[in-house]
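**Student:** This is the structure, below, for whatever I ask next.
Each reported figure results from applying straightforward, stated rules to the coordinates on display, with no laboratory input. This one's a predicted model, so the numbers in the text were calculated from it and none came from an experiment. No Cβ is skipped: glycine too gets one built from the backbone with ideal geometry, and neighbour counts run over all protein chains shown.
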Amino acid sequence: PYERVIGYAADIYYEPDKLTKKNLRPKDEITFGGETYYVVAITPNELILSAKSNKKQTPIEFKPQ
């Protein structure tokens, strides 16, 4: 069957702050570690965040389960 992926969502857990966020999508905002980030993009293997303070982008690699 034909399947079309419209977009991805991500669930993240940040141990030091005991922060759990589910179903993050691009343009969502998340705060952890004393910094606020925007979700720039989600791919099958990566979550890209942009720091609100300096616009620096940080890729986070992961393996979907």
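**Student:** At most 14 other Cβ atoms within 10 Å and a DSSP loop assignment: could you name the trypsin sites (Lys or Arg not before Pro) in the chain that fit?
**Tutor:** Arg4, Lys18, Lys27, Lys52, Lys55, Lys56
**Student:** So, one more: Report the number of Lys pairs in the stretch 1-61 whose alpha-carbons are under 20 Å apart, with separation of 8 or more residues or on distinct chains.
**Tutor:** For the stretch 1-61, qualifying lysine pairs total 4.
**Student:** With +1 on the Cβ of every Lys and Arg and -1 on the Cβ of every Asp and Glu, and nothing else charged, how large is the dipole of the chain about its Cα centre, in debye rounded to the nearest 20?
**Tutor:** Result for the chain is approximately 180 debye, rounded to the nearest 20.
**Student:** Could you go through the stretch 51-61 in sequence order and give the Karplus-derived ³J(HN,Hα) for each residue, using 6.51 cos²θ - 1.76 cosθ + 1.60 with θ = phi - 60°, rounded to whole Hz, and x for Gly and Pro?
**Tutor:** Along the stretch 51-61, the couplings run 5, 5, 6, 10, 6, 6, 8, 10, x, 10, 7 Hz.
**Student:** If the convex hull of the alpha-carbon atoms of the chain is projected onto planes in all directions, what is the mean projected area in square nanometres?
**Tutor:** 5.0 nm²
**Student:** Which far-off residues, 5 or more places away or on another chain, put their amide H under 5 Å from the one on Leu49, with H placed in the peptide plane?
**Tutor:** Val40, Thr58, Ile60
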